[in-house]
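A quick write-up on the structure given underneath.
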Amino acid sequence: MLGWAITFLVIALIAALFGFGGIASASAGIAQILFVIFLVLFVVAMVARALRGRTP
């Protein structure tokens, strides 16, 4: 999922470079959403692992 977020970030940067404002803002928004989802899933996985008694 982090790979998708980075992909959309790169698409947003390239689109912004060429002046496609709508595509750039949409791609940046998708990248932000995917990054937040990635972080939430990462925290949930770490908490689940800690509750099972394993060290991270």
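Computed from the coordinates by the stated procedures, all read-outs in this text should not be read as laboratory data. Owing to the predicted nature of the structure, the values given are computational and were not obtained by experimental measurement. Backbone-built Cβ (ideal geometry, glycine too); neighbour counts: all protein chains shown.
A few points about this structure:
- Cα-based helix-to-principal-axis angle, 21-51 vs the chain, degrees rounded to 10: 0
- Taking all Cα pairs closer than 8 Å and separated by 6 or more residues, the relative contact order of the chain comes to 34 percent.
- Paramagnetic label reach from residue 4 (point 7 Å along Cα→Cβ; backbone nitrogen cut-off under 11 Å): within the stretch 21-49, residues 31, 33-35, 37-38.
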